[in-house]
Amino acid sequence: QVQLVESGGGSVQAGGSLRLSCRASGGLLQGFAVGWFRRAPGKEREFVARVGWSAENVEYAGDIKGRFTISREKDGITVTLQMNNLQPEDTGVYSCNRGIWQEVKTGQGSLWGRGTQVIVSS
């Protein structure tokens, strides 16, 4: 059974960086699009970024662009989210979603991870 496992979360000060990983256990991410989402305390889940199966197609949420970079690792089972210049409003639980391109924009892919916590202090 394929599972998605996120890692790399933690606590940082504003301006700091974290690198999140979404790793497929028991399966592949090749051939699938992957999206990253976050849920801030008391708020709805929101789209952060997505990458297509070819890795050439990427999209970011408006307030993320220029600070975060989504990429696929050559191992075929990992998608990373490099987050730079983190701000307190980036605090939340970050989760990844596997599916087709259209699905992962809205979190409708069939496979989700449990998430990893990111806390950014001012």
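Could you check how many residues of the stretch 1-31 are open to solvent by less than 80 Å² (accessible area, probe 1.4 Å), assigned to a loop (DSSP other than H, G, I, E, B) and at pLDDT below 95?
Qualifying residue count for the region: 5.
For (1) over 13 Å from the mean Cα position of the chain (by Cα); (2) surrounded by 15 or more Cβ atoms within 10 Å (Cβ to Cβ), each residue gets a yes or a no:
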| position | (1), (2) |
| --- | --- |
| 63 | yes, no |
| 70 | no, yes |
| 73 | yes, no |
| 80 | no, yes |
| 85 | yes, no |
| 96 | no, yes |
| 120 | yes, yes |
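In this structure, does residue 91 turn out to be under 20 Å from residue 121 (Cα atoms), touching a strand residue (DSSP E or B) at 6+ places or on another chain (Cβ under 7 Å) and open to solvent by 10 Å² or more (accessible area, probe 1.4 Å)?
yes
Being modelled with pLDDT of 95 or more and open to solvent by 10 Å² or more (accessible area, probe 1.4 Å) is the filter here; which residues of the stretch 39-54 pass it?
Once the filter is applied, which keeps residues that are modelled with pLDDT of 95 or more and open to solvent by 10 Å² or more (accessible area, probe 1.4 Å), the stretch 39-54 yields 39, 40, 43, 44, 45, 46, 47, 50.
Limited to the stretch 32-54, what total is found for residues that are of a type outside the set (Asp, Glu) and part of a loop (DSSP other than H, G, I, E, B)?
Of the residues in the stretch 32-54, 8 are of a type outside the set (Asp, Glu) and part of a loop (DSSP other than H, G, I, E, B).
If I go through the stretch 55-82 residue by residue, how many of them are part of a strand (DSSP E or B) and modelled with pLDDT of 90 or more?
Total meeting the criteria: 13.
The values are calculated or read from the model by the stated rules, or taken from the named source; none is laboratory data. From a predicted model like this one, the values you see are computed outputs, not experimental measurements. Positions of Cβ are generated from backbone atoms using ideal geometry, with glycine treated the same way; all protein chains shown enter the neighbour counts. Only protein heavy atoms, including side chains, enter the accessible area calculation; ligands, DNA and RNA are left aside. Shrake-Rupley method; radii C 1.70, N 1.55, O 1.52, S 1.80 Å.
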